[in-house]
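In what follows, a single structure is set out as structure tokens and then discussed.
All of the numbers you see were taken from the coordinates with simple rules; none came from a lab. Because the structure is predicted, anything quoted here is derived from the model rather than measured. Cβ coordinates were reconstructed from backbone atoms using ideal geometry, including for glycine residues, and neighbour counts include every protein chain displayed.
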Amino acid sequence: MGDMFIDLMNNHMLAGYFRYGSVRIYRDNPVNFLMRMLVCIDLYNDDGNIEHFVDIANWARIAFHYDRHPYRHYATEDKPRD
């Protein structure tokens, strides 16, 4: 599979930094990250551009650090395979 996807994610984050500034702005400015990801899914459904997957991944990456969900937590769920 290679690292192309990760490279694209990092390139988009770097370009976004120069275009919009640091993602740290989300620390003090709440954003509905899930809605942003859903918009990208809709865009992909409309035009088939896989660049939207990179955007979804980066929104998830930012949300991982700055989301304000009241029950935010990390818990792995290892389920045995049947």
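Quick check on my filter: what residues within the range 1-24 are among the hydrophobic types (A, V, I, L, M, F, W, C) and within 16 Å of PHE64 (Cβ to Cβ)?
ILE6, MET9, MET13, VAL23 - these are the residues of the range 1-24 that are among the hydrophobic types (A, V, I, L, M, F, W, C) and within 16 Å of PHE64 (Cβ to Cβ).
Just checking, how many residues over the range 22-51 are in contact with a helix residue (DSSP H, G or I) (Cβ under 6 Å, 6 or more places away or on another chain) and within 14 Å of ALA63 (Cα to Cα)?
Going through the range 22-51 one residue at a time, the tally reaches 6.
How many residues are farther than 17 Å from ALA60 by Cβ, surrounded by 10 or more Cβ atoms within 10 Å (Cβ to Cβ) and of a type in the set (Phe, Trp, Tyr) when one looks only at the range 1-21?
Number of matching residues: 1.
Could you list, ordered by first residue, the pairs with Cβ atoms under 8 Å in which the first is in the range 57-75 and in contact (Cβ under 8 Å) with a residue 40 or more places away in the chain and the second is part of a helix (DSSP H, G or I) and small (Gly, Ala, Ser), at least 6 apart or interchain?
Pairs found: ASN58/GLY16.
Given the criteria in contact (Cβ under 8 Å) with a residue 12 or more places away in the chain, outside any helix (DSSP H, G or I) and surrounded by 11 or more Cβ atoms within 10 Å (Cβ to Cβ), does VAL54 qualify?
So VAL54 fails the test.
Counting just the residues of the range 20-73 that are closer than 20 Å to ILE6 by Cα and of a type in the set (Gly, Ala, Ser), which one comes out farthest from the chain's Cα centre (by Cα)?
GLY48
With the requirement that a residue be among the aliphatic types (A, V, I, L, M) and touching a residue at least 12 places away in the same chain (Cβ under 8 Å), what does the range 21-42 give you?
Selection gives VAL23, VAL31, LEU34, MET37, ILE41.
Can you spot a residue in the range 69-82 that is assigned to a helix (DSSP H, G or I) and not acidic (Asp, Glu)?
No, that holds for no residue.
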